[in-house]
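The values are calculated or read from the model by the stated rules, or taken from the named source; none is laboratory data. No experiment lies behind these values; they were computed from the predicted model shown. Here the Cβ positions follow ideal geometry from the backbone for every residue, glycine too, while neighbour counts run over all protein chains shown. Side chains included, ligands, DNA and RNA excluded: accessible areas come from the protein's heavy atoms. Shrake-Rupley method; radii C 1.70, N 1.55, O 1.52, S 1.80 Å.
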Amino acid sequence: MTPEPTDLLRGARRTLEEIVLPALSDPFAIEQAKTVLRVLAHLEAVVDDAYPLEWAEARDLEAFLAAASGGLRTPAPEPALLPSYRELRDDNVRSKERVAGLVRGALRDRKDPALLDAFEALVRGQLERERRWTNPKRPVK
């Protein structure tokens with residue numbers, strides 16, 4: 001059985017706080033260690049949300065790309081085996097590249113209110129995910 005990522009981060013943070021930091025005497029090294037502690041605390045706070053946030057982004061990107069194709073593209077069914085976080089993240093990057101290409105190209109000149117609404121929904125969802133990622137204590141709307 002492997003430890004959860006949160007447990008690994010918590011263990012690293014505790015080791016740094018309780019063993020490494022007290023042994024440091026150089027003020028610069030102390031400040032650097034404190035910076036690493038802040039990063040570890042942030043990662044602890046957001047690690048459990050990382051996959052759900054990526055998954056929600058994937059669904060939003062898929063919905064927008066379906067709307068942009070005139071509804072010809074049907075959303076994929078839920079996979080039997082969920083992709084790894086890395087696979088999901090890589091797929092989202094490729095989807096964002098397709099969205100950017102559409103916005104710069106074919107969609108720029110289309111005057112389609114439904115498509116504009118779909119794009120605005122995509123952006124709103126992404127902004128909320130970014131806020132949750134950068135401020136994990138923020139309540140979800």
What is the dipole size for the chain, taken about its Cα centre, with +1 at each Lys and Arg Cβ and -1 at each Asp and Glu Cβ, in debye to the nearest 20? 460
Most fluctuating of PHE64, PHE28, PHE119 in the GNM of the chain (C-alpha, under 10 Å) is PHE28
Hey, rough spin-label estimate for ALA66 and ARG94, points 7 angstrom out along Cα→Cβ, what's it come to in nanometres? 1.9
Find the relative contact order for the chain and round it to a whole percent, using C-alpha pairs within less than 8 Å whose residues are 6+ positions apart. 27
Label selected from (1) 53, 32, 24; (2) 63, 36, 27; (3) 81, 52, 27, the criterion being Cα extents along the principal axes in Å as computed here: (2)
Of all accessible surface on the chain at a 1.4 Å probe, what whole percent is carbon and sulfur? 61
